[in-house]
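Working notes, structure below.
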Amino acid sequence: MFEKDRNYWLYISPHVYCNLKERKALLYNTHTGERIESADDKILSLLHLLHEKKNLGAIECRGDLLEQEPYYSFVTKFCEKGMGNVVDKEKMPERPIQLMPVLNLQRDVEKLQKERDRHTGEEILHYLLELNVYLYTSCEQHCPFCNDYFRQSLCCTAKHSAQSPETLDISTLQNILLQIRYGAVGKINLLGGNILEYPCYKKLLTLLADFKDRVRIWNHYANFIDNQIVTSDFLYEVPVTFPVDKNTWKYCITLLKETKVRYHFFITRVEEYEETSVLIEEYGISNFAIHPVYTGANHPFFEEYVYTCCEDIFRAKFSFRQLFVHQKLNTRFFGSLTIFPDGNVHADTHNPALGNISTDTLLDIINKEMLRNTAWRKIRDEKPCSDCLYQYLCPSPSNYELAIGKPNLCHVIKS
Ligand code: SF4
Ligand code: SF4
């Protein structure tokens, strides 16, 4: 294929993502989803050369080198998978410059860190995309993992604080809404306890009139007991925990039939998954989500059904943008704040509060999160993920890692 005494340009296409570690490398074609992995020192050196800034994604190679193994097999595969090409230097004397994408997200959060002594301005309010507001912690249900569900996925909780039930003052909510009136917040999740029992529940309709399309009311299926309180103005997000009481369930389904609703099934074992499938089928539920819950005693369930393996990761196709974003931001946490009835505001409920809404503005709190990074920019940069080729293909770290106390929930690298 290559003439020994000729010189060639070997170049890598700009749509190929490369993760180079000390002893191994991954090349991933973001157009086709195909990949090459190598642990060969010679190939690693070749890839390092290709990625040296001065080489602009193209290096000159002698034909006799390209004819030798392991180069020949690698370059053949590399070209077949559309990751780049080899051209005769005589036909293309000039370096085929590849404009390799650089990490340059438009609103690069790290700029804020460099500007920590300067006034950051109101524009950072646009980073806030989602607000979770717990209005009331009282609830008469006895779900077995009330204090765990909400720490792993969004859900109601009655046990945020050990003291008596807490209530967020309606004037505080009013103040929060005033602050986000011109921001980018697209989702306002209102949660409890039994939020329908929130003393000012009926006032919410008027208060939230300007935010209607963005409001989601979270209430457990067993807490829908009164048809006076349901309105078609909001989307209802309905947690379902097990065991399910069939009569209460049927009442809830009937009550919410004409409203915008999504059901959230919180499952701790495979039998609950099976029961969920039956409920979905039997009641024709089309809008739903299933959330595994780590209880401290169901590790085998997580290992079997939640942990990812290599095939799971590559089932999806990743764009360059997604891979870049995973290197900068936590796609689960970024832009989201949670406010509890005591006013404490968290970027992630596993971490200490960033401030209190009675004394800090949302702008102050966003600024603190940008600088402290309790959640928004948590990426897979710690071991073992930092040593793994799939580091930025994997989804951002989630609350499950924190709940389980493991940095990686996968079968790829044991930790
Ligand atoms: S319904 Fe929600 S708040 Fe009430 S006990 Fe169950 S999980 Fe907790
Ligand atoms: S070790 Fe980390 S980056 Fe690698 S596959 Fe597992 S979770 Fe993903």
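Calculated FRET efficiency, THR254 and ILE180, Cβ-Cβ r, R0 35 Å, to nearest 0.05?
0.50
Semi-axes of the equivalent ellipsoid for the chain, please: Cα gyration tensor eigenvalues, times 5, square-rooted, ordered largest first, whole Å.
Calculated on Cα positions only, the semi-axes equal 49, 26, 18 Å.
What's the ranking of 316-327, 235-246 by average number of surrounding C-beta atoms within 10 Å, highest first?
My ranking of the peptides, most packed first, is 235-246, 316-327.
Figure the gain on full extension for GLN322 and LYS202 (residue separation times 0.36 nm, minus the Cα-Cα span) and round it to one decimal in nm.
Residue separation times 0.36 nm, minus the Cα-Cα distance, leaves 39.0 nm.
How big is Rg to Rh over segment 240-336, alpha-carbon atoms, Rh as the Kirkwood inverse-mean-distance radius?
With Rg and the Kirkwood Rh in hand, the quotient comes to 1.05.
Considering only the chain, what is the antiparallel percent among its DSSP beta bridges, to the nearest 5?
Approximately 45 percent, going by the DSSP bridge assignments.
With equal scatterers on the alpha carbons only and no solvent term, can you work out the Debye log10 of I(q)/I(0) for segment 38-82 at 0.19, 0.20, 0.21 1/Å?
These q points yield log10 I(q)/I(0) values of -0.61, -0.68, -0.74.
Which whole-percent values make up P(r) of segment 258-415 when all C-alpha to C-alpha distances are grouped in 10 Å steps starting at zero?
9, 29, 33, 24, 5, 0
Helix 41-50 versus the longest principal axis of the chain: what angle, 0 to 90°, nearest 10, using Cα atoms?
Roughly 80 degrees between the two axes.
So which of LYS53/LYS378; LYS24/LYS383; LYS187/LYS260; LYS187/LYS406 end up more than 23 Å apart by C-alpha?
Going by Cα-Cα distance, LYS53/LYS378; LYS187/LYS406 fall outside the 23 Å limit.
For the chain, what does -39500 (n - 2.57) per DSSP helix run (n ≥ 4), summed and divided by total residues, give at 222 nm, in deg cm²/dmol to the nearest 500?
One gets -7500 deg cm²/dmol as the mean residue ellipticity at 222 nm.
To test your reading of the geometry: what angle, between 0 and 90 degrees and rounded to tens, separates the Cα axis of helix 71-80 from the longest principal axis of the chain?
50 degrees
Add +1 for every Lys or Arg and -1 for every Asp or Glu among the other residues with Cβ under 14 Å from the Cβ of PRO96, and state the total.
Cβ neighbours under 14 Å give a net charge of -1.
Could you give the Stokes-Einstein D for segment 1-64 in µm² per second, using the C-alpha Kirkwood radius, 10 °C, 1.306 mPa s?
Rounded to a whole number, D works out at 125 µm²/s.
Values in this text are rule-based calculations from the coordinates and carry no lab data. Treat the numbers as computed from the prediction; the structure is a model and nothing was measured. Cβ atoms come from the backbone with ideal geometry, glycine included; neighbour counts cover every protein chain shown.
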